[in-house]
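Working notes, beginning with the structure itself.
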Amino acid sequence: MSRLEAKKPSFCKSEPLTSERVRATLCVLKGILTSSYGPSGRLKQLHNGLGGYVCTTSQSSALLANLSVTHPILKILTTSMQNHVSCFSDCGLFTAILCCNLIENVQRIGLMPTTIIKLNKHLLSLCTSYLQSEFCGCRILVDFSSTQTLLCLVRSIVTSKPACMLTRQEIDHISALILRAFLLTIPENTKDCLILGKSIIVPLKGQRVTDSTVLPGILLEISEVQLMKILPIKKSDTFKVALFCASLSGDVSDTGEGTVVVSSGVSLENAVLDQLLSLGRQLVSDHIDLLICQKVVHPSLKQFLSMHRMIAIDRVGAALMEPLSKVTGTQPIGSLGSISPSSYGSVKDLCTEKFGFKHFLHLIPNEATICSLLLCNRNDTAWDELKLTCQTALHVLQLTIKEPSVLLGGGCTETHLAAYIRHKICNEPESILQDDGCTQTELQLLTEAFCSALESVAGSLEHDGGEILTDMKYGHFWSAQPESPSVVDWPDLLSRCGCGLYTSQEELHWSFLKSTRHPFAPQTCLPHEAVGSANNLTLDCFTAKLSGLQVAVETANLILDLSYIIEDKN
Amino acid sequence: MAAAGSAKVALRVAEVLETIVSCCVGPEGRQVLCTKPTGEVLISRDGGCLLEALHLEHPIARMMVACVSSHLRKTGDGAKTFIIFLCHLLRGLHAVTDKEQDSLISKNIQTHRRHWKNCCQWKFISQALLKFQTQVLDYIMGHYLSKHFLSIFSLSTKERTLCRSSLELLLEAYFCGRVGRNNQNFISQLMCDYFFKCMACESGYEEVFELVDDYFIELNVGVTGLPVSDSRIIAGLVLHRDFSVYCPADGDIRIVIVTETIQPPFSTSGSEFILNSEAQFRTSQFWIMERTKAIMKHLQSQNVKLLLSSVKQPDLVIYYAGLNGISVVECLSSEEVSLIQRVVGLSPFVLPHTSSRYEICNTALMNFCKPLILRSKRYVHLGLIGTCSFIPHCIVLCAPVQGLVEQHKSALHGAFKMLRQLFKDLDLNYMIQASDQNYASSPLTYKNSRESTPLPEIVNGSRQSPYQGTVVKNKGKLATTQTYLKVYSNFVVPSIELETHIPRSVQKVTPTDTYQADETLRYLSLAKTRIVDDSEPLMESNSANSTTENTRIEISDENLQVTEIAGRGSMLPVREKSLEMCTSHGYCFSSIPAGCVLPVGGNFEFLLHYYLLNYAKKCHQSEETMVSVIIANALLGIPKILYKPKKGNYSFPQIYVRTLHAIQTHQPMVSSQTGLESVASKYQLLTSVLQCLTKILTIDLVINIKRQPQEVYDQDSEEEV
């Protein structure tokens, strides 16, 4: 009997967003995300009820990957954010919170989805064109002649990940290391296009964070037994390296689709081993100092090579092959027979080193864009978080090289942008009203929803119950200590704005972020000297944030546009 | 278990489907989220996709879905309109029959009998529908509607050149129904750009459509996590994999395709390799290595810089390729290989097996070959030089989520399908009823008759020539042809014309006109030979040869002159005119020429509605009138939904009144929306819906069998027992 099973009919639900359950789950998700946002964000401990590994984090990538959501709408939202994070590494929480805020705010005003989507799109294009424009008041061009801006950017990223458990000095140390590692991947002399190298993160858990370091070249981990076998390395100018991707294990390689009949007494293994040993002899006669193999090396060959003072390291894995071929400057060898002399590589120096309880063989290249970032942290979970942070920071630096701008962080971009949009819509609504056929009221309602969504992203940086304010000149974000007495002495209570560009000693007027106020034109065109003097700014990656803004609005539009959900329950 | 009255049930089912589907119709339509059991989340506005995702259980519903999907396979568009139109038709029928029931059926008839009587009535209606579809619809389309058609081709030149602005309007209207509101313009612009970039010459658009439609999956790359506005077109071809080895090269780059491993295998399948000694093993291995080396050297000497392989190559090959400066891409899919072959006109490199000398292998030139990084994933980017009318380009589709990428992909693919359909002629056949009342009595079905005269052409022929004409009737309806002819000879009708009816599926028709004169009968006949590259009908014509002669003899004509306006691709309607006034029926066949469009916003529906109502007024038969009126009213269902969200001057009643007025006074119609839609696809949709409706109406009972489906022969044997 065939096992034909009839498919169950699907489950069809109309107007999904109006259901109470969806609203509640969206609210829970938003709560999780907002509470983790920023330097003072609360940590989340994720653990599986069935056992396994506990993860303490406040990063979107780790959070979203481990949360299992079942509702299709939430699934759309989380996958959208995960896709953003895998593209840009940074600004994941910003995107997710903004998207949740937009959905929540827009739903409250109850306009037609058509109008909402059209207007959202217009407002988004206003934002993106402002952020990319010359006179944008929250964008700083990166000056590559000094590391100041880049260091601020890295420090802001490291600071915003509290689950790394770093002290102030440690943050400074790690930020400097990350920047150094990044600079080592930039080739010295480039032609027309810049090809960046790679920083390999080498784990070293259980050590102090300040023991972390950056080394040019590659660190190959070796066991103590291997170390004993390596005789003291003789000094020379260059070391010749043979890099194999073919297996040197002595197995008989595949024999085709037909059958192979072997007469008794004939041993193929012997034949292959002979071949390997003759290969070894060739290597010795070619004065190779170091043999690295992606796969396994036959013990007899290893023995033979070590007799001839050659270091053999096997099982390095496929991931390291590309950096290794860059460091040694050669293509991996895929043949066991005659090897052309051109396929040998070389390194400048070779030494054994010990970090913590681990032994490494250090390959120092002549000139290569590969470096190793030896990363230490006290325990596993904190190390994982630190590693993610380092990867994020390195990626952000790469993005910044491509697009040399940074945005003001600490919530200032969001409040500034909201002020700009409010002002723009209040003063010149005609451009949007003309080609859309919506009313002025609709536009104003939606602008308010959009801007307050932006502002409440900034507001979620404050977790300790402090007051959140904005000034009426620059439109920056300020937060005050909780339980401040009254609204009299703002300049004394506040010290610096979110990004650290302005101090409260200027003649400023403040207003609560949640309160209604008249639209004002925030000052555009950042003064150059203001940026130069401030040396401890909080900065955000421009590319990631811009794309995050776009993705958040697009995803919110998509979710608001849904009229049915068809769930296949098979 | 039996459920009675399929029409009522069908109406209920269709109404449910309509509510779901109607929210996605038109520029104001919204999205639907479909989840799959695998956890994938799909976003869609595509009617076909939604209906599939519902997994409907009701048999009538399943039949509707089957009809929709078969329609979609043909045209790639119109699933939502299908459901809405069907629903309105059923509603109209329901209203009419309810009325009739009340008046006709007296109450003392038993309910059981009434049921069967109902069924008879349904059958009656379905026959009327079928008649309408085959006769009236084509007539109205060809005769009245055709004067309103616009063309996608620009009219300034004689050559058919595509007009970019009208193509843009067409695509815009198409994407309005397919993708989310905020991306409609962007996607349609992208598609338009893509098409014009790919087209090498003005006339090659058909090939481009065909190629893009066939290889659509290979011609686009989906990237998630980026805003939709980052989507773009890149020149060249992007392969969805990374280089196995990459050697930067510039200048004269040649490529080679292989479909087997370059390294000779130790033993081939079906053979046995006997190893007698270790030395033999070593020498054979050495030979393999040397040979691989030699082949790669040879490739290098041919200036080959890129090796494309459909299989995985061994390490040895990769190593020697790297040494010789040849980049390698492995594991290409068969579609990718055939696409490259088609674009560059390159056949795979066959490895020489015996001799050590190599012939010059097949290579092709290329502009560049480099890695392309999209969202930290590496792809191979090839700057192929196209040899056909297709210049290779790829679309990079970006969206925050995979579901949206998929939606855009399928919408773009559907658009190419739609365009491919649009540029085909669509034949209509109908007959014109002349004013002469004597013969207007019975319209004859003359479908699918085919006449072919495989004769050499004789112009102004006065010689007598052996007559070899054949009259072929498909589906064995030859007998009816004969009776028809006999009927006419009794009536002493002076002129009879046999017409060639071409089935709609036949696309390429090469007309050759043959004039043939028969001295004895003084018979001048027009025969149109149509050479159809369709083997099946031709075979039938052979089998029917024997019956032709007697048919022909009966055809006698006194003084008939044939004026022929031959038109290629029937841009001009081909008409036979008889000088005599008493010609009763003229069978016209015209067609909807390729590239016919109408403005969107229900123009097609309004026009057809208007002409159908006019036609119904002139009709004499009650059921024909009824069917026409029902269809005419059902047509309005679509513009009703389109104009639902509009207020004031653009509300449906206002538009309706204004449009009808415009048609009556022969003014151009006003439309609130810009955009064009294909007439042919609308027409096909209409016929598909009518076919589906007749199918539904002819069912009188739905019998529910609660048993595993079994083989056919099992059922037969059980019935016998």
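Here are a few things to note about the model shown:
- A:Lys295 surrounded by 19 or more Cβ atoms within 10 Å (Cβ to Cβ) and of a type in the set (D, E, K, R): no
- In the stretch A:328-366, of all residues being crowded, with 16+ Cβ neighbours inside 10 Å, assigned to a strand (DSSP E or B) and charged (D, E, K, R), the one that is farthest from the other protein chains (Cβ to nearest Cβ) corresponds to A:Lys358.
- In the stretch B:172-186, the residues that are buried (at least 22 other Cβ atoms within 10 Å of the Cβ) and more than 22 Å from the chain's Cα centre (by Cα): B:Gly180, B:Asn183
- Residue among B:Phe273, B:Phe349, B:Phe286 that is within 14 Å of chain A (Cβ to nearest Cβ) and buried (at least 18 other Cβ atoms within 10 Å of the Cβ): B:Phe273
- A:Ser253 being assigned to a loop (DSSP other than H, G, I, E, B), at pLDDT below 90 and away from every other protein chain (no Cβ under 14 Å): no
- Segments classed as strands (runs of 3 or more DSSP E), wholly inside the stretch B:1-87, with at least 3 members that are closer than 29 Å to A:Ala556 by Cα: B:31-35, B:41-44
- For A:Gly110, the conditions (1) out of contact with any helix residue (DSSP H, G or I) (no Cβ under 8 Å at 6 or more places or on another chain); (2) within 26 Å of B:Lys646 (Cβ to Cβ); (3) at the interface with chain B (Cβ under 10 Å from one of its Cβ atoms); (4) not aromatic (Phe, Trp, Tyr) are fulfilled apart from (3).
- Lone qualifier among B:Asp193, B:Asp242, B:Asp230, B:Asp250 - being in contact (Cβ under 8 Å) with a residue 24 or more places away in the chain, closer than 21 Å to A:Leu558 by Cβ and among the charged types (D, E, K, R): B:Asp230
- Only one of the listed residues (A:Arg281, A:Arg309, A:Arg315) is free of Cβ contacts under 8 Å to residues at least 40 places away in the same chain and at positive phi. That residue is A:Arg315.
- Scan the stretch B:379-420 for residues that are more than 23 Å from B:Glu172 (Cβ to Cβ) and either more than 14 Å from chain A (Cβ to nearest Cβ) or part of a strand (DSSP E or B) (or both) and the total you get is 14.
- Conditions (1) at pLDDT 85 or above; (2) within 23 Å of A:Leu407 (Cα to Cα): number failed by A:Leu513: (1)
- Residues of the stretch B:281-322 satisfying the condition of being in a strand (DSSP E or B) and touching a Gly at 6+ places or on another chain (Cβ under 8 Å): B:Lys305
- Entry remark, the stretch B:192-251: residues being assigned to a helix (DSSP H, G or I) and farther than 30 Å from B:Gln313 by Cβ number 21 in total.
- The sole residue among B:Val32, B:Val21 that is facing chain A (nearest Cβ under 7 Å) and crowded, with 18+ Cβ neighbours inside 10 Å is B:Val32.
- In this structure, B:Pro265 qualifies as within 14 Å of another protein chain (Cβ to nearest Cβ), in contact with an Asp or Glu (Cβ under 7 Å, 6 or more places away or on another chain) and not in a strand (DSSP E or B).
- Members of the stretch A:154-177 found to be among the hydrophobic types (A, V, I, L, M, F, W, C) and either buried (at least 22 other Cβ atoms within 10 Å of the Cβ) or in contact (Cβ under 8 Å) with a residue 60 or more places away in the chain (or both), listed by number: A:Val154, A:Ile157, A:Val158, A:Ala163, A:Cys164, A:Met165, A:Leu166, A:Ile174, A:Leu177
- Residue identified as part of a loop (DSSP other than H, G, I, E, B) and modelled with pLDDT of 85 or more among A:Leu537, A:Leu508, A:Leu526, A:Leu454: A:Leu537
Residue-by-condition table, conditions (1) closer than 30 Å to A:Arg378 by Cα; (2) of a type in the set (Phe, Trp, Tyr):
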position: A:Asp172; (1), (2): yes, no
position: A:Phe182; (1), (2): yes, yes
position: A:Glu188; (1), (2): no, no
position: A:Pro203; (1), (2): yes, no
position: A:Val214; (1), (2): yes, no
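- Candidates A:Val260, A:Val241 - the one that is in contact with a Ser or Thr (Cβ under 6 Å, 6 or more places away or on another chain), under 30 Å from B:Thr283 (Cα atoms) and surrounded by fewer than 19 Cβ atoms within 10 Å (Cβ to Cβ): A:Val260
- Whichever residue in the stretch A:38-81 is β-branched (Val, Ile, Thr) and without any contact (Cβ under 8 Å) to a residue 60 or more places away in the chain and, among such residues, is surrounded by the fewest Cβ atoms within 10 Å (Cβ to Cβ): A:Thr70
- Residues of the stretch B:364-378 that turn out to be polar (S, T, N, Q) and either part of a strand (DSSP E or B) or touching a helix residue (DSSP H, G or I) at 6+ places or on another chain (Cβ under 7 Å) (or both), as a count: 1
- Among (1) more than 14 Å from chain B (Cβ to nearest Cβ); (2) under 28 Å from B:Phe266 (Cβ atoms); (3) in contact with a strand residue (DSSP E or B) (Cβ under 9 Å, 6 or more places away or on another chain), the one test that A:Met321 misses: (1)
The values are calculated or read from the model by the stated rules, or taken from the named source; none is laboratory data. Here the structure is a predicted model, which means the values were calculated and not measured. A quick note on method: Cβ atoms are made from the backbone with ideal geometry, for glycine too, and the neighbour counts reach across all protein chains shown.
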